[in-house]
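K.L.:
Sending over a structure as structure tokens; questions will come in a sec.
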Amino acid sequence: MTLYAEATRSFYFLAFASLCMPFTPTIVFDLDDRFLEAKENGLWLVMLYAPWCGHCKRLLPTFDQVARALSGSHVQVAKLDCTKYPSLANKLRVNGYPTIRLYRHGELFEYTGERTKEAIMDFTDKVTGQVSIEIDLLPPVIRTLDTKEDFWSIRDKSARSVFFLLVDDRTDNSDVSREYHHLAQKYFHKAFFYRIDVKLLSEDIDVTKVPAIVVFKDTTYVVYKAEQDGDLERWFQSERWPAFPLIKHETLYEIGTCCNKYLVVFVLDFVEKRKANSPVKKMDELAKSLWRRYGSILKKHFQLVWFDGNSLASSILLRVAPVPSLFVFNATSHYHYLPEDDMANLTEEALLLFLQRVENGDVKPRGGRGLVQRIKHFLFEFFSSVLVMFSNQPLLACCLFGLPLGIASVICYTICSTDVSMSTDEVYDESDESGSDHEKAE
């Protein structure tokens, strides 16, 4: 079941506002039918849109910022009006608006992440890599670090992003190296892949044998051990996320289904999170402390995440989620699990016990994907949207709901108040009756 929160809440507003909101000036150039051939050469970051789409209009300023940031690169940033070129949109198999794609010499990579400048730029960097001046040359999916300075440069970024590193010697051709290259070919648009000669590796990285695969994230690192971690691809899917990332509806299902883990969702607030003694700050510290102490135990079955605000959490729980709060969510089955303890007095030990009970099946699941649950979800989103609309746009809401209700009320009143009974005097005219009596008398 797809989350309808964003689409439903903006449905009535976009129906009116999108007709009045023009596209702002942009340096993103427009495409036409010739793009079908042009996409086979070079790098194209393309936004597929419709002029009436409100989400497209909100995304365009961000896409324009991406275009300005990439103006000196080999990536061509463009947009295509799918209503103007429907045959081209059909050939490109566009299913919704807006859609962001990157064409790498004809090869398609669809973007499904957050619609922010930083996230789109990060995706573009992963796909394009270190592009050669010769545009016909494909950039490498594995980037080689030639000096220790290169290594320290990317290692400093591990606090903000995740990257994988193959440590080997230049003559290595083992199964581990081949698996790593295969993994990079498959997922280079999802993560950064590097390799380094073992002689250039920093001494504080404890690698007992080469070749070795290391993931750097959260200012630390983890070495892949085939005996303990099993399949390399599954290990990659498990490790490619930070320990406690902020996620939105665009990435909720990707992070929840890629490695089949429970999501431990903390409902926080970005502003309150920075206040020293706020309940949100305490909940945030509880999550980080829990992972520091028990992360090695929990990471096999759980992934910690947090929401900024309660709108997405309320859409899952079908009630207004308090801030701060937490719950466990299974993105595959759509079941969620709620702790019984008071959030204000929740401790690490109590939270750990709750997660262990969820793993063992001792906590009653709620929600799901059944028909009744879908109906509840639709009704909740509808009434939530109406409430939000009356709060934020009272005049527009009155016009959209008040006028139709007023007309319907008048029609109902007219139907109910009409006297449908007729007397016999109305059926038979007096003149006809007198004429009949006269005929009988004769």
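K.L.:
Using Cα springs under 10 Å in a Gaussian network model of the chain, which residue among Cys53, Cys399, Cys412 shows the largest mean-square fluctuation?
P.N.:
Largest GNM mean-square fluctuation: Cys412.
K.L.:
Here's a follow-up. Past the 18 Å Cα-Cα mark, which pairs from Lys217/Lys282; Lys261/Lys299; Lys261/Lys282; Lys157/Lys299?
P.N.:
Numbers: Lys217/Lys282 23 Å; Lys261/Lys299 9 Å; Lys261/Lys282 25 Å; Lys157/Lys299 22 Å.
Checking Cα-Cα distances, Lys217/Lys282; Lys261/Lys282; Lys157/Lys299 exceed 18 Å.
K.L.:
Follow-up question, since we're still on this one. With contacts defined as alpha carbon pairs under 8 Å and 6 or more residues apart, what's the relative contact order of region 42-191 in percent?
P.N.:
Details: 162 pairs, mean separation 36.3, N = 150.
Here the relative contact order equals 24 percent.
K.L.:
Could you sort out which of Lys190/Lys376; Lys209/Lys300; Lys91/Lys376; Lys57/Lys126 sit more than 29 Å apart by Cα distance in this structure? Don't jump to the answer; show the numbers that get you there.
P.N.:
Working: Lys190/Lys376 35 Å; Lys209/Lys300 24 Å; Lys91/Lys376 37 Å; Lys57/Lys126 26 Å.
In this structure, Lys190/Lys376; Lys91/Lys376 lie more than 29 Å apart at Cα.
K.L.:
Something else now. Would you tally the net charge around Cys258, using a Cβ to Cβ cut-off of less than 10 Å, leaving Cys258 out, and scoring K and R as +1, D and E as -1?
P.N.:
Values: positive: Lys190, Arg234, Arg240, Lys261; negative: Glu254.
Here the count lands on +3.
K.L.:
Of Leu371, Val265, Leu387, which is farthest on the positive side of the dipole of the chain, counting Cα position, with +1 on Lys and Arg Cβ, -1 on Asp and Glu Cβ, and the Cα centre as origin?
P.N.:
Val265
K.L.:
Sticking with this structure for a sec: Put +1 on the Cβ of every Lys and Arg and -1 on every Asp and Glu Cβ in the chain; which of Phe236, Cys398, Asn41 then has its Cα farthest towards the positive end of the dipole?
P.N.:
Value computed over the given set: Phe236.
K.L.:
Over all distinct Cα pairs, what is the inverse of the mean 1/r for the chain, reported as the Kirkwood hydrodynamic radius in Å?
P.N.:
Numbers: mean 1/r = 0.0381 Å⁻¹.
Computed over the chain, the radius equals 26.2 Å.
K.L.:
On to the next question. For a bin width of 10 Å, list the pair-distance distribution of region 22-85 built from all Cα-Cα distances, rounded to whole %.
P.N.:
21, 54, 24, 1
K.L.:
While we're looking at this one, here's another question. Using Cβ counts within 10 Å as a stand-in for footprinting exposure, how do Ile415, Ile100 rank, fewest first? Kindly include the intermediate steps, with their values, before the conclusion.
P.N.:
Details: Ile415 9, Ile100 22.
Ascending Cβ contact count within 10 Å gives the list Ile415, Ile100.
K.L.:
Report, in debye and to the nearest 20, how large the dipole of region 227-333 comes out about its Cα centre when Lys and Arg carry +1 and Asp and Glu carry -1 on their Cβ.
P.N.:
Values: 15 positive and 12 negative charges, 98 e Å.
Roughly 480 debye, rounded to the nearest 20.
K.L.:
For region 143-238, compute the orientation-averaged projected area of the C-alpha convex hull (one quarter of its surface), in nm².
P.N.:
The directionally averaged projection comes out at 5.9 nm².
K.L.:
For Lys275, give me every one of the lysines with a C-alpha distance below 18 angstrom, ignoring sequence neighbours fewer than eight places off in its own chain.
P.N.:
Cα-Cα hits under 18 Å: Lys288.
K.L.:
If you don't mind, another one. Taking each pair of distinct Cα atoms in region 244-369 once, what is the resulting Kirkwood hydrodynamic radius in Å?
P.N.:
Working: mean 1/r = 0.0687 Å⁻¹.
Its Kirkwood hydrodynamic radius stands at 14.6 Å.
K.L.:
Could you size up the charge dipole of the chain around its Cα centre, putting +1 on the beta carbon of Lys and Arg and -1 on that of Asp and Glu, and report it in debye to the nearest 20? Mind dumping the intermediate values first?
P.N.:
Details: 51 positive and 60 negative charges, 480 e Å.
In total the dipole reaches around 2300 debye.
K.L.:
With springs only between Cα atoms under 10 Å apart, run a GNM on the chain and tell me which of Leu395, Leu59, Leu317 wobbles the most.
P.N.:
Leu395
K.L.:
I want the local charge near Arg240. Using Cβ-Cβ distances under 9 Å, sum +1 for each Lys or Arg and -1 for each Asp or Glu among the other residues.
P.N.:
The answer is +1.
K.L.:
Among Leu45, Leu80, which comes first, second and so on when ranked by fewest other beta-carbon atoms within 10 Å?
P.N.:
On the way: Leu45 28, Leu80 22.
Fewest-to-most ranking of Leu45, Leu80: Leu80, Leu45.
K.L.:
Fewest Cβ neighbours within 10 Å first, please rank His105, His182, His334, His189 accordingly. Walk me through the numbers before you get to the answer.
P.N.:
On the way: His105 15, His182 12, His334 21, His189 18.
Least to most surrounded, the residues fall as His182, His105, His189, His334.
A short reminder: the numbers here are calculations on the coordinates, not readings from a lab. No experiment lies behind these values; they were computed from the predicted model shown. Cβ atoms come from the backbone with ideal geometry, glycine included; neighbour counts cover every protein chain shown.
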